[in-house]
Amino acid sequence: MNAISATVDGADARVVLVAITRHGAQQAARLARSLPRATVCVAAKFADAMAGLDNPVQAYAGAFKDEIGALFGAHDQIVFFVSLGAVVRLIAPHLRSKDEDPGVIVVDDAAQFVIPVLSGHVGGANAWAERLAALLGATPVLTTASDVGKTIPVDILGRELGWTLEAPKINVTRVSAHVVNGEPVAVVQEAGSPHWWTRPTPLPANIQRFARLDEVDLARFKALLWITHAPVDEATWARLHERLVVYRPPRPRVAVGLGCDRGTPLATVAAALDQALQGAGLGRADVAVLASIDAKADEPAFAELAAAHGWPLRFYAAAQLAAVPVPNPSATVLRHMGTPSVSEAAALLAAGGAVLLVEKYKLRGADGRNATVSLAPIPEGAPPANEQGHP
């Protein structure tokens, strides 16, 4: 059983509701109706309380303590309708580490309080406690410092977005302490979704966001959270001794919008692409499709670049591009091309999305010709948009 899998606080989590008293069994049955995929483990003499449930029911007849090992091995979340003290004693012989233990939650017999006891963050028990409390009309009792203080949970930041954490354990411990103690913390985000702060309260005042690492005066901050695709060398880890935690968002597939002066060489277009990708912490391996205006369908550099990598090349009519809202429309481009945007609009159309990773990036080559590149992430699970206009 891996308590740190992506399912522990999601819909696929393996949940068991455990009761050893009649009142507990009645409350477990009540909750089970809202969680039809959850298993119910109950003393055999109270199994009649589960009549009519669609849930799997395990009725035990022996000593309850003999059931704990199997529960730990088979489930991601164990919800006990048992007293807190009894649960602590029962689970103690089975504890290994927060990276391996399931979430353990206690609900009192009257279903007034829901208390995450074990693996609140990494195991997802805090999130489940809040969910169960809402279902029961109960009060969640959270004691994890970052939840009580409504600040960043360093060990699981971005987990629901598919981010992975990269740092020695001592760094996570030290940085977590700086966060919950209200000391100055820098968050540098160069990659991934910006929507990682999901609490209803504002980001705490001690946490400051930056777009690039070189914007941060490291002497001013006790800790650094770096969200990036960029490699982190040993010198950087050493320089930021126990102050750095790195997060790796999933690498997006991107659509590349291209524009250029007529006859721009391949070297200039390729250099503009590489620089735009580097600015987003990406590389050519992350490119899924190239796109431009149909007036550029015969541009040799575009065809050569696509052919070299096996990338699809899409072309759109000026009217299609003109209908796409972009952050950097150009009156000059409109006058010459019939649309206020080529690269930004083409990237958005090809991606089938509404946001840009890199807005219009322009490079003037050694020959004096200009190439323009824009990057748009393709929504997860979506194929690149079908070609429209000329193939």
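Listed residues Arg239, Arg262; which is in the same structural domain as Arg284 (by TED's automatic domain parsing) and surrounded by fewer than 18 Cβ atoms within 10 Å (Cβ to Cβ)? Before the answer, list the steps.
Working: Arg239 fails: in the same structural domain as Arg284 (by TED's automatic domain parsing).
The match here is Arg262.
Taking Gly85, is it loosely packed, with under 15 Cβ neighbours inside 10 Å, of a type outside the set (Ser, Thr, Tyr) and either assigned by TED's automatic domain parsing to the domain that holds Gly69 or under 24 Å from Arg199 (Cα atoms) (or both)? Write out each step before concluding.
Values: loosely packed, with under 15 Cβ neighbours inside 10 Å: yes; of a type outside the set (Ser, Thr, Tyr): yes; either assigned by TED's automatic domain parsing to the domain that holds Gly69 or under 24 Å from Arg199 (Cα atoms) (or both): yes.
When the stated conditions are applied, Gly85 passes them.
How many of the residues in segment 344-362 are surrounded by fewer than 20 Cβ atoms within 10 Å (Cβ to Cβ), farther than 11 Å from Asn328 by Cα and in contact (Cβ under 8 Å) with a residue 12 or more places away in the chain?
Summing the residues that are surrounded by fewer than 20 Cβ atoms within 10 Å (Cβ to Cβ), farther than 11 Å from Asn328 by Cα and in contact (Cβ under 8 Å) with a residue 12 or more places away in the chain in segment 344-362 gives 4.
Determine if segment 346-353 includes at least one residue that is outside the structural domain of Val188 (by TED's automatic domain parsing) and assigned to a strand (DSSP E or B). Give the derivation first.
Within segment 346-353, the first condition is being outside the structural domain of Val188 (by TED's automatic domain parsing), and the residues that meet it are 346-353.
Filter again for assigned to a strand (DSSP E or B), leaving none.
Checking segment 346-353: not a single residue is outside the structural domain of Val188 (by TED's automatic domain parsing) and assigned to a strand (DSSP E or B).
Taking segment 221-236 as the region of interest, how many residues are over 26 Å from Arg284 (Cβ atoms) and touching a residue at least 12 places away in the same chain (Cβ under 8 Å)?
Residues flagged as over 26 Å from Arg284 (Cβ atoms) and touching a residue at least 12 places away in the same chain (Cβ under 8 Å) within segment 221-236 amount to 5.
What is the one condition in (1) modelled with pLDDT of 85 or more; (2) of a type in the set (A, V, I, L, M); (3) crowded, with 20+ Cβ neighbours inside 10 Å that Leu213 does not satisfy?
Of the numbered conditions (1) modelled with pLDDT of 85 or more; (2) of a type in the set (A, V, I, L, M); (3) crowded, with 20+ Cβ neighbours inside 10 Å, the odd one out for Leu213 is (3).
Could you grab me the full set of residues in segment 183-203 that are modelled with pLDDT of 90 or more and either of a type outside the set (A, V, I, L, M) or over 23 Å from Leu357 (Cα atoms) (or both)?
Glu183, Pro184, Val185, Gln189
Considering every residue within segment 366-374, establish whether at least one is under 27 Å from the mean Cα position of the chain (by Cα), within 29 Å of Tyr247 (Cβ to Cβ) and at pLDDT below 95.
Kept after step one, since they are under 27 Å from the mean Cα position of the chain (by Cα), are these residues of segment 366-374: 373-374.
Within this subset, residues satisfying the condition of being within 29 Å of Tyr247 (Cβ to Cβ) are 373-374.
Among the residues that remain, those that are also at pLDDT below 95 are: none.
Scanning segment 366-374 turns up no residue that is under 27 Å from the mean Cα position of the chain (by Cα), within 29 Å of Tyr247 (Cβ to Cβ) and at pLDDT below 95.
Hey, among the residues in segment 142-182 that are in a helix (DSSP H, G or I) and hydroxyl-bearing (Ser, Thr, Tyr), which one's modelled with the lowest pLDDT? Before you say what the answer is, go through the steps one by one.
Within segment 142-182, the first condition is being in a helix (DSSP H, G or I), and the residues that meet it are 145-148, 159-161, 169-180.
Filter again for hydroxyl-bearing (Ser, Thr, Tyr), leaving 146, 173, 176.
Numbers: Ser146: 54, Thr173: 89, Ser176: 89.
Filtering segment 142-182 for residues that are in a helix (DSSP H, G or I) and hydroxyl-bearing (Ser, Thr, Tyr), the one modelled with the lowest pLDDT comes out as Ser146.
For segment 301-315, check the following and say yes or no: at least one residue is within 30 Å of Glu160 (Cβ to Cβ) and touching a Phe, Trp or Tyr at 6+ places or on another chain (Cβ under 9 Å). Talk me through it step by step, then tell me what you get.
Taking segment 301-315 as the starting set, the residues that turn out to be within 30 Å of Glu160 (Cβ to Cβ) are none.
No, segment 301-315 contains no residue that is within 30 Å of Glu160 (Cβ to Cβ) and touching a Phe, Trp or Tyr at 6+ places or on another chain (Cβ under 9 Å).
Looking at segment 95-134, which of its residues are of a type outside the set (Asp, Glu) and touching a Leu at 6+ places or on another chain (Cβ under 6 Å)?
Of everything in segment 95-134, those that are of a type outside the set (Asp, Glu) and touching a Leu at 6+ places or on another chain (Cβ under 6 Å) turn out to be Val104, Val106, Ala111, Val114, Asn126.
Pick from Pro194, Pro249, Pro231, Pro202: which is of a type outside the set (Lys, Arg), touching a Gly at 6+ places or on another chain (Cβ under 9 Å) and either surrounded by 15 or more Cβ atoms within 10 Å (Cβ to Cβ) or not assigned by TED's automatic domain parsing to the domain that holds Ala345 (or both)?
Working: Pro194 fails: touching a Gly at 6+ places or on another chain (Cβ under 9 Å); Pro231 fails: touching a Gly at 6+ places or on another chain (Cβ under 9 Å); Pro202 fails: touching a Gly at 6+ places or on another chain (Cβ under 9 Å).
None of the others qualify; the one that does is Pro249.
Give the number of residues within segment 160-195 that are free of Cβ contacts under 8 Å to residues at least 12 places away in the same chain, more than 30 Å from Ala13 (Cα to Cα) and of a type in the set (D, E, K, R).
Here the count works out to 0.
Would you mind stating whether Asp99 is part of a loop (DSSP other than H, G, I, E, B), more than 12 Å from Phe72 (Cα to Cα) and touching a helix residue (DSSP H, G or I) at 6+ places or on another chain (Cβ under 8 Å)? Before you say what the answer is, go through the steps one by one.
On the way: part of a loop (DSSP other than H, G, I, E, B): yes; more than 12 Å from Phe72 (Cα to Cα): yes; touching a helix residue (DSSP H, G or I) at 6+ places or on another chain (Cβ under 8 Å): no.
Criteria not met by Asp99.
Within segment 98-132, restricting attention to residues that are farther than 18 Å from Asp155 by Cβ and acidic (Asp, Glu), which residue is surrounded by the fewest Cβ atoms within 10 Å (Cβ to Cβ)? Show your work before the answer.
Of all residues in segment 98-132, those farther than 18 Å from Asp155 by Cβ come to 105-115, 131-132.
The next check asks that each one be acidic (Asp, Glu); those that pass are 108-109.
Values: Asp108: 18, Asp109: 16.
Going through the qualifying residues, I end up with Asp109.
Kindly check whether there is at least one residue in segment 71-85 that is assigned to a helix (DSSP H, G or I), touching a residue at least 24 places away in the same chain (Cβ under 8 Å) and in contact with a His (Cβ under 8 Å, 6 or more places away or on another chain).
First, the residues of segment 71-85 that are assigned to a helix (DSSP H, G or I): 71-74, 84-85.
Remaining after also requiring touching a residue at least 24 places away in the same chain (Cβ under 8 Å): 71-74, 84.
Right, trim to in contact with a His (Cβ under 8 Å, 6 or more places away or on another chain) and you get 72.
Scanning segment 71-85, I find at least one residue that is assigned to a helix (DSSP H, G or I), touching a residue at least 24 places away in the same chain (Cβ under 8 Å) and in contact with a His (Cβ under 8 Å, 6 or more places away or on another chain), so the answer is yes.
The rows are residues; the columns are (1) in the same structural domain as Trp128 (by TED's automatic domain parsing); (2) of a type in the set (S, T, N, Q); (3) closer than 17 Å to Val106 by Cβ; (4) outside any helix (DSSP H, G or I).
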residue: His23; (1), (2), (3), (4): yes, no, yes, no
residue: Gln27; (1), (2), (3), (4): yes, yes, yes, no
residue: Leu31; (1), (2), (3), (4): yes, no, yes, no
residue: Ser34; (1), (2), (3), (4): yes, yes, no, yes
residue: Arg37; (1), (2), (3), (4): yes, no, no, yes
residue: Val42; (1), (2), (3), (4): yes, no, yes, yes
residue: Ala47; (1), (2), (3), (4): yes, no, no, no
residue: Leu53; (1), (2), (3), (4): yes, no, no, yes
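Restricting to segment 273-323, name every residue that is among the acidic types (Asp, Glu) and assigned to a helix (DSSP H, G or I). I'd like the intermediate steps shown before the answer.
Narrowing segment 273-323 to residues among the acidic types (Asp, Glu): 274, 286, 294, 298-299, 304.
Once the filter is applied, which keeps residues that are among the acidic types (Asp, Glu) and assigned to a helix (DSSP H, G or I), segment 273-323 yields Asp274, Asp286, Asp294, Glu304.
Name the residue, out of Val269, Val287, that is within 28 Å of the chain's Cα centre (by Cα) and within 18 Å of Ala346 (Cα to Cα). Reasoning before the result, please.
Numbers: Val269 fails: within 28 Å of the chain's Cα centre (by Cα).
Of Val269, Val287, the one residue that is within 28 Å of the chain's Cα centre (by Cα) and within 18 Å of Ala346 (Cα to Cα) is Val287.
The values are calculated or read from the model by the stated rules, or taken from the named source; none is laboratory data. Values in this document were obtained by computation on a predicted structure and should not be read as measured data. Positions of Cβ are generated from backbone atoms using ideal geometry, with glycine treated the same way; all protein chains shown enter the neighbour counts.
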